Structure formats: C-alpha cells, structure tokens
Amino acid sequence: MLVNGEADEPGWEVDPDDEWGVAVLATVGRQLKLRREAAGMRAGDFGIAVGYGEDLVYKVEGGKRIPRREYLEKADQVLDAGGLLAATWEDVKRVRYPKQVRDLAKLESRAVESLSYGIHNVHGLLQTEEYARALLGTRRPVLSEAQLGRAVAARMARRTIFDREPAPELSFVVEEVTLRRPVGGKMVLCRQLEHLLEMARLPYVQIQVMPTSRGDHPGTGGRIHVLKFGDGTAVGRADDEFDNRPVTDPRHVRVLELRYGIIRSEALTARESTAFIEKLLGET
C-alpha cells in the first residue's frame with residue numbers, strides 16, 4: 001500500500017533457480033501487463049488504483065516479484081478481469097514456498113502413513129506458528145523479516161495434511177529435551193505443549209516421547225522420516241544414512257523402518273507420553 005507516498009512491499013522475490021516458479025510468475029505478470037495496457041492504463045496510474053508503487057508494478061509484471069493475494073484481487077477489480085486474475089492466486093501461492101518445501105508437501109499429500117523421529121526440535125507439522133517463528137529466528141545468518149515470514153508461512157501450509165479425508169496415519173517420536181527447551185520463551189513453549197496435547201487427541205495422530213534417560217536407542221544419529229503411499233511404495237530419509245538423501249529402494253526404506261520401530265518401542269507409549277506432556281506443562 002501507499003504510505004506517505006512510499007510503496008509498501010507487495011510480495012516476495014522468486015528464487016531464480018526455481019524454474020516452475022519463474023514460469024508461473026512470468027505468465028501471471030504477462031497477463032497483468034496485457035490487461036493493463038488493453039485498459040489503456042499506465043503503470044503509474046494502475047499502481048495508484050491498486051495501492052502500490054509504480055516500480056513494484058513493473059517488478060510484478062516482469063515476473064520478478066511474487067504478488068500477494070490482495071494485489072491480484074485489486075488488479076482483477078481495477079481491470080475488470082471477471083475473476084481471472086484473482087484466480088491465478090492458486091498457482092502463485094505455491095511459488096511463495098521454496099521448491100524443497102513444495103516437493104515435501106506434495107509427497108505428504110499422497111502419503112497414507114508418516115513416521116517421524118526428531119532430535120533437535122518439535123516436528124514441523126506439530127509446531128505452532130509462534131514456535132516456528134521463534135525457531136526459524138535462530139538461524140544464522142539471520143533471516144530478513146520477509147524471509148522469516150515466508151518460511152513460517154511455508155511451514156504452516158504443510159498442516160493441510162491434518163485436513164485430508166481419509167486422514168493418513170501419523171506417528172511422531174519427540175525427544176524429551178525438545179519439550180523442555182524454551183524456544184521463544186516460556187509462554188510460547190506452554191502454547192506449544194498445549195498444541196501437542198490437542199494434536200495427540202486426533203485418532204490418526206500418535207505422539208510418543210523419548211525420555212532423555214534412554215541413551216542407547218538407534219535414533220541418536222539424527223532425524224528419521226518415512227512416508228508410505230497407497231500403491232505400496234515409500235520414501236525415507238535419515239540424517240546419518242544414505243548421505244542424508246531421500247531413498248526409495250525398498251531395502252533402504254526397510255532399514256529406516258526397522259530403526260524407527262526400535263525407537264518407538266524404546267519411547268513412552270502414547271498414553272504415557274500424553275501424561276508426561278501434561279506434567280511438563282504444569283511445571284512450565
């Protein structure tokens with residue numbers, strides 16, 4: 001928006017290495033420019049009409065900037081596009097997220113079962129927005145406010161997996177130490193623990209806690225994640241196996257499943273874990 005004559009940021013920069021994202025923004029930008037010119041509007045006049053600066057109008061039309069939803073909706077109204085420009089948001093919103101996040105979300109959208117063990121923090125699918133923002137804020141070099149907002153939005157967007165029907169079976173094993181670390185402060189941690197208890201009540205979600213006293217389980221090497229699909233295939237990844245690359249070979253996936261199975265057997269049961277989190281919440 002225009003504030004005291006200065007243009008507020010209407011979107012984010014696109015990753016030049018993201019070929020699909022670049023193509024989407026180039027197409028949307030071209031549509032915006034053609035419709036603006038067909039309406040006989042100069043970029044400056046159009047910017048005033050939609051509430052953004054002329055320079056940023058050129059960036060969006062040139063595919064250099066990811067427009068926000070309100071930008072596309074205002075453009076649709078000003079150019080009388082009948083909803084066609086506003087509808088491009090369905091593709092544009094996915095460009096906001098890094099390619100690796102989109103790829104992971106695509107896999108999660110197909111999964112019928114997910115097995116996740118984490119060692120340093122609460123799994124991304126279980127994080128509250130406040131916790132995610134505080135956690136991502138610890139990265140170095142420090143993320144800019146725009147980068148941080150984009151990273152948090154990408155993480156929150158993955159939570160659509162909980163809305164699927166039929167719902168996938170989701171199993172999480174979290175380390176006790178991650179539930180004690182006050183990421184973002186005590187209040188943020190309290191809300192995170194409350195959120196875990198809410199998620200644990202879902203019939204298709206199982207959350208187990210690995211006590212710190214269990215020091216010899218096979219998860220000490222790092223994270224493990226396995227996604228299983230309806231056609232019988234699966235993909236897995238572990239920090240200390242297979243060069244930390246996704247694997248689909250059934251022999252490799254079975255290794256990760258074996259390790260995860262032992263980890264689950266060493267952790268507290270789901271009921272014991274719920275009681276543990278409730279106790280920890282009362283102490284926080």
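The values are calculated or read from the model by the stated rules, or taken from the named source; none is laboratory data. Source: prediction; values computed, not measured. Backbone-built Cβ (ideal geometry, glycine too); neighbour counts: all protein chains shown.
Take the conditions (1) at pLDDT 95 or above; (2) more than 19 Å from the chain's Cα centre (by Cα); Ser171 misses just one of them, which is (2). Answer yes or no as to whether Val183 is in the same structural domain as Gly222 (by TED's automatic domain parsing) and touching a helix residue (DSSP H, G or I) at 6+ places or on another chain (Cβ under 6 Å). Answer is yes for this residue. Checking each residue in the range 144-169 for being under 26 Å from Gly230 (Cβ atoms), touching a strand residue (DSSP E or B) at 6+ places or on another chain (Cβ under 6 Å) and surrounded by 18 or more Cβ atoms within 10 Å (Cβ to Cβ) picks out only Pro168.
Taking the listed residues Leu135, Leu115, the one that is modelled with pLDDT of 85 or more, assigned by TED's automatic domain parsing to the domain that holds Ala267, under 26 Å from His217 (Cβ atoms) and surrounded by 15 or more Cβ atoms within 10 Å (Cβ to Cβ) is Leu115, with no other qualifying. Taken over the range 208-238, the criterion of being farther than 13 Å from Glu176 by Cβ and assigned to a loop (DSSP other than H, G, I, E, B) is satisfied by Asp216, Pro218, Thr220, Gly221, Gly222, Arg223, Gly230, Asp231, Gly232, Thr233.
Exactly one residue out of Leu202, Leu280 is farther than 20 Å from His120 by Cα and either of a type in the set (Phe, Trp, Tyr) or touching a helix residue (DSSP H, G or I) at 6+ places or on another chain (Cβ under 8 Å) (or both), and it is Leu202. Of the residues contained in the range 230-250, none is found to be touching a residue at least 12 places away in the same chain (Cβ under 8 Å), of a type in the set (Phe, Trp, Tyr) and not assigned by TED's automatic domain parsing to the domain that holds Glu90.
Of Gly185, Gly261, Gly236, Gly222, all but one fail to be of a type outside the set (A, V, I, L, M) and closer than 16 Å to Leu107 by Cβ; the exception is Gly236. Quick one: in the range 239-258, of everything that is part of a loop (DSSP other than H, G, I, E, B) and closer than 19 Å to Ala111 by Cα, which residue is farthest from the chain's Cα centre (by Cα)? If we take residues in the range 239-258 being part of a loop (DSSP other than H, G, I, E, B) and closer than 19 Å to Ala111 by Cα, then Asp249 is farthest from the chain's Cα centre (by Cα).
The single residue among Gly221, Gly232 that is in contact with an Asp or Glu (Cβ under 6 Å, 6 or more places away or on another chain) and farther than 26 Å from Arg271 by Cβ turns out to be Gly221. Within the range 186-217, the residues that satisfy the criterion of being surrounded by 15 or more Cβ atoms within 10 Å (Cβ to Cβ) and at pLDDT below 90 are Arg214, His217. In the set (1) more than 13 Å from Val173 (Cβ to Cβ); (2) modelled with pLDDT of 95 or more; (3) among the polar types (S, T, N, Q), the condition left unmet by Ser273 is number (1). Give the residue that is modelled with the lowest pLDDT, with candidates limited to residues of the range 239-262 that are within 17 Å of Glu113 (Cα to Cα) and among the aliphatic types (A, V, I, L, M). The selected residue is Val247.
Would you be able to tell me the number of residues in the range 56-95 that are at pLDDT 90 or above and in a helix (DSSP H, G or I)? Number satisfying all stated conditions: 18.
Each row is one residue, and each column tells you yes or no for (1) touching a residue at least 12 places away in the same chain (Cβ under 8 Å); (2) within 25 Å of Glu283 (Cα to Cα); (3) among the β-branched types (Val, Ile, Thr).
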| residue | (1), (2), (3) |
| --- | --- |
| Tyr131 | yes, yes, no |
| Glu145 | no, no, no |
| Val152 | yes, no, yes |
| Phe162 | yes, no, no |
| Glu176 | yes, yes, no |
| Arg180 | yes, yes, no |
| Arg191 | yes, yes, no |
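Taking the range 63-94 as the range and being acidic (Asp, Glu), in contact with a helix residue (DSSP H, G or I) (Cβ under 8 Å, 6 or more places away or on another chain) and touching a residue at least 12 places away in the same chain (Cβ under 8 Å) as the test, the residues that pass are Glu73, Asp91.
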